[in-house]
Each structure stands twice: as structure tokens, then as C-alpha cells.
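The values are calculated or read from the model by the stated rules, or taken from the named source; none is laboratory data. What you are looking at is a predicted structure, and each value in this text was computed from that prediction instead of being measured. Ideal geometry is used to build each Cβ from the backbone, glycine not excepted, and the neighbour counts take in all protein chains shown. Ligands, DNA and RNA are excluded from the accessible area calculation, which covers all protein heavy atoms including side chains. Shrake-Rupley method; radii C 1.70, N 1.55, O 1.52, S 1.80 Å.
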Amino acid sequence: MAEHPASIYEFIKTEESKFETDRVQIYDNRSWNFRENVQMSLMLTDGFFTKGENDWLRPFKKVIEPILELANTAEDIELRDVTLFIKNENNKALKFLLKKYHDEVYIKEHDIDALIDEIAESDNKLGGVLVQKGQDIPEVLKLVSVAFCDQTDIMGGPIGFKYNFSPSKLKKMASRGWGEKSNGANITLDELIVLATPEKDPIGMSGQPKNKVTGKNIEVYIVRGDLPEHYLKNNDNMEDYYYQLHIVAFYKNEKDKKEGVTLYRKQADEEDLLFHTSEPVEGQALGKGADKYFNEQIWTNFLEIHKHKLLEAASKVPLWTDDDGFTNRQQIAEMENLEITTLREGRSIGQIPTAAPANIALFEKGINDWFVQGQLVGSAQDPMLGKQSYSGQTFKGQERLLQQGRGPHIRKRGKRAKFIEKVYRNFIIPEIKKKILKETEFLATLTYDELNWVAENLAIRASNKKFADKTLNGELVSREELAATRERAKQSFLKSGNQQKLKILKGEFKDAEINIEIDIANKQFDLGELSGKVLSIFQFVAANPQGFQQLMTIPAMSKAFNSILEFSNIEQADFASLISMPPQPATQPAVPVRQPQPLMNSI
């Protein structure tokens with residue numbers, strides 16, 4: 001068994017060096033390298049040759065980029081596809097707050113739509129995506145920044161990322177505890193900045209000539225994984241392993257050699273880093289991405305280059321003549337248009353045949369055949385690319401073709417939706433819970449029905465409080481007095497308009513169990529079918545509104561209706577006026593019978 005390097009710094013250097021050149025065997029006659037695959041995927045998608053000069057003197061016809069763009073569009077998941085709902089029947093008010101905060105604050109402040117797009121683009125182009133828990137929002141890690149990993153299973157062993165920080169960007173990391181001795185650091189951020197130099201490695205490469213930059217640069221490695229206890233505690237224990245997070249920087253000493261320093265080291269949670277690929281490949285760290293189209297792209301370029309050579313030949317007009325002295329008397333290249341020349345008697349002149357049009361047509365057919373093959377691999381039929389269908393195709397036939405072409409994209413979209421659901425469950429929902437349970441105040445825009453629903457609940461809360469206070473003091477309270485209290489509380493809230501500052505009262509949900517369910521892109525529930533049920537309800541209500549209100553007095557029916565609204569991503573507050581019952585008979589006791597759900601304060 002190979003011994004582990006003596007320090008985390010030596011471990012990083014060793015693993016990064018091996019990562020550059022080591023290959024893993026995928027099949028009997030095929031080996032694979034992570035960095036090479038990522039570089040080729042990026043270069044061929046962007047229109048650059050992986051070998052030879054990229055000096056624009058060779059034609060490059062893009063095959064991969066339009067197919068990937070189609071995949072990103074066909075598999076797009078929008079924020080409207082995200083549905084949050086709470087299963088606890090008694091926590092509807094909390095669900096209202098959670099959803100309001102998510103829809104009106106969190107997704108706008110943190111651009112969750114861009115996060116979802118990044119996940120799809122990385123998965124489609126590079127065959128996978130890594131998402132880590134961030135300070136406020138999950139972060140997509142660029143696979144080009146991977147310095148080393150287990151090339152057979154990206155999450156199977158320690159993984160390292162390499163970044164370059166400017167001094168100002170590095171100082172911002174102080175908010176995350178970097179450079180603090182209590183977090184295992186052996187150097188402060190300011191001390192490290194003094195040692196920095198104005199140069200950096202090319203992205204995704206080490207051991208290459210460094211790029212000179214205009215300001216100081218700090219080279220930082222972030223390493224996660226099971227590592228010896230010695231790396232964490234500076235002891236002699238190289239036998240016991242723990243999942244750790246190390247943040248390490250390198251600088252050059254007086255002898256121009258790299259020295260390592262630690263900015264952060266702690267035990268970590270494996271669930272803070274998630275990986276997903278829609279098309280996994282057994283024994284390979286990344287799944288299928290742009291590499292699915294390497295064959296089509298490379299052979300298209302081969303044929304384009306040779307077709308270009310034929311066109312270059314066809315563009316030339318070489319001449320022949322049996323008049324030996326002609327070229328001495330006439331310089332054809334210098335002749336004016338329509339200039340007359342002469343030949344000796346009995347002599348002739350003619351054009352030498354170059355590239356035949358038939359040969360060029362053969363190359364064009366070969367190029368088109370490879371592009372069609374790329375379309376087949378990427379489920380990118382002509383109509384999906386925005387190209388006109390062949391003459392004579394019926395509208396129904398085109399629609400059927402489109403539907404068949406969408407099938408693989410729908411399948412990949414579904415897989416990605418399950419991953420995004422996991423990102424929400426692990427990273428986003430806990431962050432939102434933490435925010436609103438800390439009495440975070442936020443501005444929300446309420447619809448008319450939401451406004452009345454909240455006002456009604458606050459009014460009931462105020463009347464119940466008055467009743468409780470009077471009763472504890474041994475005083476009697478009339479029904480009219482409680483009704484007046486409710487009305488005052490309701491009008492006080494309503495006069496502020498539909499723009500309301502909301503927050504949860506301190507300790508309001510302290511002991512509440514919050515069981516949040518998430519549905520992304522109809523993957524968990526058939527929301528289309530549920531929406532159909534809501535439409536049926538509308539039709540019934542329109543025909544018999546009083547009958548509907550009577551049905552809502554039956555607990556089982558009321559619960560079923562609430563569930564349909566919940567799963568359909570519709571706020572129950574929007575139906576408050578619809579399901580509210582007529583005033584109760586005057587024979588009822590003065591004590592309020594409706595209990596409000598825990599709700600927010602209005603500031």
C-alpha cells in the first residue's frame with residue numbers, strides 16, 4: 001500500500017501532477033483522462049482545434065454548439081416549475097410565509113434561475129455538475145477548476161479545486177473564517193497577500209509557463225475528502241481517516257520554490273458537495289457531455305479542410321501553351337481586362353483542369369451526413385433546430401417528429417429535476433427556514449384575497465387575546481366587544497395596502513415540525529392532472545357556490561380541496577373569500593370558535 005505524503009501540501013502537489021497525465025482504463029482498448037476530456041469538450045464546443053495552430057487558417061464548422069444550445073433550451077427548468085408545499089395541516093401560515101419569502105425575496109436576491117441554468121449547461125457540455133453548499137446560495141463549481149480527483153468516480157475519493165484570488169477577493173473570504181487561527185490557519189490573509197506575485201497558471205493546467213497579470217494573485221486550493229487525521233491535527237496518526245475540508249495557498253519563497261500555507265481546515269460534511277450526471281458512464285468520473293459528438297465534429301472538420309483545399313485549387317486558373325516564347329512576350333497576370341494577345345501561327349493556349357465540381361459535391365455530402373449523424377445522437381431534428389422541414393411533410397407529421405425528438409430531452413430534464421430537488425432540500429430550504437425563523441423581516445406584495453386572509457387571521461388573533469386577557473382578570477366580555485376588536489385589527493392591517501412588511505413573531509414556530517415537500521417540473525406529482533381537478537372545482541363553484549361552501553364544512557372534503565390547491569402551487573389564501581361561510585347564528589356563545597394559525601406581525 002502506497003504511503004500518504006507527509007503533509008497536505010505534498011499531497012496536493014503529488015495528486016495534481018498525476019492528474020495531468022494519468023489515465024484510467026474504461027474499456028479494453030480505451031483509456032480516459034479527466035482534464036483532457038474537459039479541455040476537448042470546451043475547445044471543440046467553442047470552435048477551436050485541439051491540435052495544431054488556432055490561427056483561423058483552417059475552416060472549423062461547429063457541430064456541437066448548436067446541438068448543446070438546443071438541449072439547454074429543450075431541457076430548461078424555470079422557476080415556475082418549482083413547487084413548495086407543507087404536509088403539516090396545522091402549519092399553513094408557515095407555508096404561506098415560506099413561499100412568499102422564496103418567491104418574492106430569495107429567488108430575486110440570489111438569482112436561482114441562473115443557478116438552474118448553470119446546472120443544465122455544465123451537465124450537457126461536460127457530462128456532469130458539482131454543486132456545493134454556499135454561504136447564502138448553492139454554488140456550481142467549474143469542472144475546469146478541478147485540480148485532481150478520483151478519475152473513476154468523482155465523489156469516490158478526495159477532490160481538489162484550484163482558484164486564483166486577487167487581494168480584495170481573498171479578503172472577502174474572512175467572512176467565511178479563512179485566515180483565522182481558530183479554524184486551523186497558520187497564516188493571516190494580510191500576511192499571505194504580502195507574499196503574493198503577479199502571475200498565475202493557465203486555467204486547468206499546472207507546470208505550464210505562467211501568465212503574467214497586472215496585479216497580485218494568490219493561488220488557492222480547496223480540498224475535500226477522506227484524509228488522514230495527521231493532516232487535520234498535526235499528529236502522527238496516518239491510519240485513521242476523516243472527511244475533511246482544507247483550504248491551502250501556495251507562494252514562492254526566496255529560492256523560487258513553492259511553499260504551502262493553510263487558511264482553513266476542519267472536519268466537514270460529505271453532503272455539502274453534490275454531483276449529478278444525466279448520462280453516467282461506468283468507471284468514468286464524468287458522464288456523457290459534448291464528448292458524445294467528438295466523432296462527428298472531428299470528421300466534419302477533416303472533410304471541411306479537404307473541401308477547402310479543393311476550393312483553393314478550383315479558384316486558381318493555371319494555363320498551358322505550346323508557344324515556347326509566349327511567357328517571355330506576355331505576362332498574363334499583368335494584363336488588363338479585354339487586352340488582346342497573340343500566339344504564333346499553329347500554336348494554342350488553354351486552361352489546366354483543377355478541382356472538379358463533382359469532387360466538391362462529394363465532400364459537401366460527407367459533411368452533411370456527419371452533421372445529420374450529430375443531430376441523431378443529440379435528438380436534434382431539423383424542426384427543433386428551427387430549420388424548415390422537407391417539402392411535402394404534413395403538419396401532423398412534423399408535430400409527431402418533434403414529439404419523438406423531445407422524448408430524450410424530457411427524460412434528461414426529469415433526471416435533472418430530481419437533482420435540483422435535492423439541491424433545494426439540502427441547501428436552499430434550510431437557508432430559508434433559518435432566515436424566516438430568525439425574525440427576518442421582508443416586504444411582500446399580497447393579492448386582494450391574501451390581504452383579506454391575513455387580515456382575518458390577525459383579527460381573530462386580536463379578539464382571542466382580548467378575550468383571554470379579560471377572562472384572566474375576571475372580567476366579562478361581550479360578543480359585540482370582541483367583534484369590534486376584530487374589526488379594528490382588520491381595518492388597521494388593511495389600511496397599509498397590499499405592500500406589507502412581514503415577519504414571524506419570536507418563538508412563534510419554535511416547536512413546529514416543518515415538513516416541506518418539493519416538486520420540480522412535475523417530477524413528483526402530476527400537477528397537470530391536479531390543475532384539471534381545480535378547473536372542475538371552478539366549474540362546480542360557478543354552478544353552485546352555496547353548495548360548495550356547504551361541502552367545505554365537511555372536514556374530509558375541505559382537506560382534499562386544500563391538498564389539491566397545495567399540490568397545484570396555488571395559495572389557499574386566494575380562495576379565502578370563496579370558502580368563507582356566512583355569519584354564524586346569533587345563538588352561538590360569545591367565545592370565538594375559530595382559532596387562527598400562527599401568523600406573522602405586520603409592521
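The Cβ shell under 13 Å around GLU65 holds other residues with a net charge of -1, Lys and Arg each +1, Asp and Glu each -1. Amide H contacts under 5 Å for LYS288: GLU279, VAL281, restricted to partners 5 or more places along the chain or on a different chain, H placed in the peptide plane at 1.01 Å from N.
Shape of region 98-156 from the C-alpha gyration tensor: prolate (a/c of 1.5 or more and a/b above b/c, with a ≥ b ≥ c the square roots of its eigenvalues).
Each of TYR106, ILE8, THR21 was placed along the dipole of region 1-135 (beta-carbon charges, centred on the mean Cα), and the one lying farthest toward the positive end is TYR106. Any chance you could tell me what percent of the C-alpha pair distances in region 286-349 go past 21 Å? I get 56 percent for the Cα pairs in region 286-349 exceeding 21 Å. For region 157-164, backbone phi angles converted through the Karplus equation (6.51, -1.76, 1.60; θ = phi - 60°) give residue-by-residue couplings of x, x, 10, x, 10, 10, 10, 10 Hz, Gly and Pro being listed as x.
Across region 106-202 the C-alpha pair distances fall into 10 Å bins from zero in the proportions 12, 33, 37, 18, 0 percent. Computed from label points 7 Å out along Cα-Cβ, the spacing between THR445 and VAL281 is 4.7 nm. With both labels modelled 7 Å from their Cα along Cα-to-Cβ, the THR471 to ILE305 distance reads 8.8 nm. What does the C-alpha gyration tensor say about the overall shape of region 258-316? Classify as rounded when a/c is under 1.5, otherwise prolate if a/b is larger than b/c, or oblate. It comes out oblate by the Cα gyration axes.
Taking amide H as placed 1.01 Å from N in the peptide plane, ILE26 has its amide H under 5 Å from the amide H of SER31, TRP32, each at least 5 places away in sequence or on another chain. Projected label points at ARG479 and THR341, each 7 Å from Cα along the beta carbon direction, are separated by 11.7 nanometres. Taking the empirical scaling 2.2 N^0.38 Å for compact globular proteins as reference, region 58-174 has a Cα radius of gyration ratio of 1.41.
Length gained on full extension, SER7 to GLU270: 92.5 nm, using 0.36 nm per residue less the C-alpha separation. The mean of 1/r over all pairs of different alpha-carbon atoms in region 206-325, once inverted, gives a Kirkwood hydrodynamic radius of 21.3 Å.
Per-residue accessible area (protein heavy atoms, 1.4 Å probe) orders SER182, SER278 as SER182, SER278, starting from the largest. Full extension of the chain segment joining SER496 with SER168 gains 113.8 nm, where the gain is 0.36 nm per residue of separation less the Cα-Cα distance.
Separation of the alpha carbons by more than 22 angstrom is noted, of LYS62/LYS309; LYS100/LYS169; LYS61/LYS292; LYS13/LYS255, for LYS100/LYS169. Database remark: amide H of GLU199 closer than 5 angstrom to the amide H of VAL213, ASN217 (H placed geometrically; neighbours at sequence offset of 5 or more, or on other chains; Pro and chain starts carry no H).
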